[in-house]
Amino acid sequence: MNRLLVEKISRSFGGVQALDDVSFVVEPGTIHGLIGPNGAGKTTLINILSGLLPPSAGRMSYKDRDLHRLAVHQMAAIGIARTFQNIRLFPRMSCLENVQAGQHLTSRRSLVPRLLQLPSARHEDRRLYKKAMETLARVGLDDKAHYQSRNLSYGERRRLEIARALSLNPSLLLLDEPVAGMRQGEAAVVADLLRSLCREGMTILLIEHNMSFVMSLCSCVTVLNFGRVITTGSPTDVRACREVVEAYLGAGEPHA
Amino acid sequence: MNLLLQQLINGLFIGSVYGLFAVGYTLVFGVLDMLNLAHAAIFTLGGLIALWLVENAGFSIWLAFPLTTVVAGVLGLLLNQVAFAPLRKRSDSQFSGLISSIAMAIIFEAAALGLFGARSVRFPVGTVAVHAWQIGGITITSLQVGIVCVAALLMVILTLFIGRTRTGKAIRAVGESERTATVLGINVNGIIAFTFFVSSALGGAAGILFGLYFNNLTPDMGRSIELKGLAVIILGGMGSIPGAILGGLAFGLSEVLTVAISGTSNLRDAVAFGVLFAILLIRPSGLLGRGKTREA
Amino acid sequence: MDYLLQFYAIYGSVINFIGINALLGLSLNVTLAAGMLSLGNAAFAGLGGYTAGILSLHYKLPYAVSLAGGACTAGIVALIIGLPVLRLRGVFLAMATLAFGEVVRLAAVNLNITGGAEGLTGIPQATTTWTIYLVLAGAAYFIAVLRRSRLGWGLMSMREDETAAGSLGIHITYYKVVAFVVGAMLAGLAGGLYAHLNYLITPRDFGFFIAVDLLTYNIVGGIGVWYGPILGAATLTALPEVLRGVGVTAGPIRMGINGLILLLVILFLPNGLASLFSGKRSAAVKAATG
């Protein structure tokens, strides 16, 4: 099953407990939101789920496979793709090239046929080019395919990062603030994109601060505060949860 | 026993010159996270300029030394202005700064070659009055003592400066985080320029001391010390001034002892670089260095 | 025709050196294109050169076998030190490889089998200009194709952003080692060619300054394209001759100009001379060739 299981994940940095006993389940084919005030540990969790950071304790599994001690590239190989909070595009490459770079796992681009100038190499290049342009079109950037990625607007760069993540052919997408800094209209376009991906079977876990975006898009939401899960549930339940309101508005003492 | 002690003295002596040289290197690295490979060229120019002042302008070494040190500092300012400052905004500033310093090193060395000629030169006899003392079978010359004292004095002054004065604190602040330093009202550009001044002045001073001792100055004398300086700051920990001083002493001692033990000077450098290599693999932060790199 | 022969008679050695330097520059390009600041290729060239020279001189092996032996030795050493060394980043990697280079050079100076400081002499002079340029052409083609292969894309991604590259499934450590070994083997091959060029090879031929030279060829020519290092090597190797031709014979001035070029390039043309040409290629063509 394409289910993502997060069990009692903890992570400390020196004396700081960034994550404490975090557990939740992301059902396959759903869009799951991860929200919480700044510093709640959301990005740390994504970093752990994508293999960038090892957990101090706890287990996680995807597709019934234990993700313990998998390296970043191995996570990608089993179908987990991600975007980054501060956007890590390849600055000197064009949009198209960024996406083509992302085709690493879905391409062969073998050396020998290329050295021998075999037609199979050219066929593959054309196939990859087409696929890359389709992915760009999907995020609405096909008209800017040859623009240098560093010349795009902030929102366009976020969309490009999603496109690059998609070119991995992932089954689980981890998005860290995919619509941060976007206008309402642009965010709505991304929401539509994510919904259509979801309909095709993609599982999505996203971090966001844009509440209307999260509430209208996600079927399930997990709320973190100070590294702990406050609650997991449907958007309506979460909105009504008193602790969540307190976490955001700061009423009451923080947990020890 | 005497021989060992003698070697220790020699090692201490050459180590203090290495330390002085390395301190300049590590100062720039600590503040900018950049390696200034033109440092060795300024070291060379320091020695040569001092020699010129003594020989052709008739200055006494006591005047030529501080004067040349200041000139070396000015060269450092020039270096910063031309080669480092324009590149600071770039995303790959560490790399391009390195290349830039290589370019300036070539230019400086070419200048040294052009102005002073390729043959080796030496300080005129009598530049420094030399006495030798015998203490229980060990020979120490006044020159050695003088050099160690000057080097030690400079390093102590620098350490106190960095630790106690406002400018010193500003330097440390910029070394931690440039952005925070700016927010605190520190004139970052000025501090960086000042750091280059001090670093190059020390490098030039080291060159003069080196030239006085070995009494053999050539336009490429910086070459032999350049890699050793790198080894010293790795050993001591990049960005750490006490580390550079300790590293320099340790390096000087190990050099001298290797020669003494093996009987030849062949293995000396190989052992040094082998140790450097090993340290980089085992503990790149060196003996006293900072583990993390500085924030933007 | 006569003119060409005359030209070759005078400038033959420069032409040879351009070829070898271009090959060395290319060997460094493999690792630089991946964002690794390894400065050990001069040492690998030395390893390859000495090995090939010893194989030819003492064991009387055929030329091609000696060259292969040199390249393979360099590759094996690269594999051994690569795994620990390549964990280092940026300046630390540069220093580790420089230290390695010094150790190799000092070994060459001190061992008997390498002829000590005088070097290895009496190596059969088997390299011709044709050999050099044939190998160069082959290497250039190989590198150009490599850039468009899966490995090449992976290396370029690593250079841009290693963290992001990892998240795309690129096995960073493995690719770094591969790039390092390929670069080392090319350098070893160049070293072997060099050793058989002028009867001898000395430790001075591949010291710290040669290592810096290789970096300079790449910076001046441009790291991003396969012909960058070739362009850089040709320019900087030929420059002293050109200057001599127009009457600038003073060593210091030629040296100063070298430094000045490097400075101007890094300040104003950071992608090297090659960026002057690649700007003309239409971006569409570039992307369509995938």
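Around C:ALA233, with a cut-off of 15 angstrom between Cβ atoms, what is the net charge of the other residues, counting Lys and Arg +1 and Asp and Glu -1?
-2
At each listed q (0.07, 0.08, 0.10 Å⁻¹), what is the log10 of I(q)/I(0) that the Debye formula gives for the protein assembly as shown modelled as equal alpha-carbon point scatterers?
Taken in order of the listed q values, log10 I(q)/I(0) reads -0.63, -0.81, -1.16.
Mind checking which aspartates and glutamates have their C-alpha under 18 Å from A:LYS8, skipping anything on the same chain fewer than 8 residues away?
Reachable aspartates and glutamates: A:ASP20, A:ASP21, A:GLU27, A:ASP64, A:ASP66.
With +1 on the Cβ of every Lys and Arg and -1 on the Cβ of every Asp and Glu, and nothing else charged, how large is the dipole of segment C:12-288 about its Cα centre, in debye rounded to the nearest 20?
500
Along each of its three principal axes, how wide is the spread of alpha-carbon positions in chain C, in whole angstrom units, largest first?
Rounded to whole Å, the extents work out to 52, 46, 35 Å.
Hey, how many Å between the Cα centroid of segment C:173-211 and the Cα centroid of segment B:26-67?
The two parts, judged by their Cα centres, are 35 Å apart.
Could you size up the charge dipole of the protein assembly as shown around its Cα centre, putting +1 on the beta carbon of Lys and Arg and -1 on that of Asp and Glu, and report it in debye to the nearest 20?
Details: 64 positive and 44 negative charges, 219 e Å.
Dipole magnitude for the protein assembly as shown comes out near 1060 debye.
Given +1 on the Cβ of Lys and Arg, -1 on the Cβ of Asp and Glu, and no further charges, what dipole in debye does chain B carry about its Cα centre, rounded to the nearest 20?
580
Along the charge dipole of chain B, Cβ charges K/R +1 and D/E -1, which of B:LEU67, B:HIS39, B:THR167 sits furthest on the positive end?
Highest projection toward the positive end goes to B:THR167.
Would you compute, for the Cα atoms of segment C:138-290, the largest minus smallest coordinate along each principal axis and list the three values in descending order, in whole Å?
The Cα atoms of segment C:138-290 stretch 53, 37, 27 Å along their principal axes.
Starting from a Cα-only point model with no solvent, please compute log10 I(q)/I(0) by Debye for segment A:86-169 at q = 0.12, 0.20, 0.21, 0.24 1/Å.
For segment A:86-169, the Cα-only Debye profile gives -0.35, -0.83, -0.89, -1.07.
Could you check how many percent of all C-alpha pairs in segment B:18-120 are farther apart than 15 Å?
Every Cα pair in segment B:18-120 considered, those over 15 Å come to 64 percent.
All of the numbers you see were taken from the coordinates with simple rules; none came from a lab. No experiment lies behind these values; they were computed from the predicted model shown. Neighbour counts run over all protein chains shown; Cβ positions are idealised from the backbone, glycine included.
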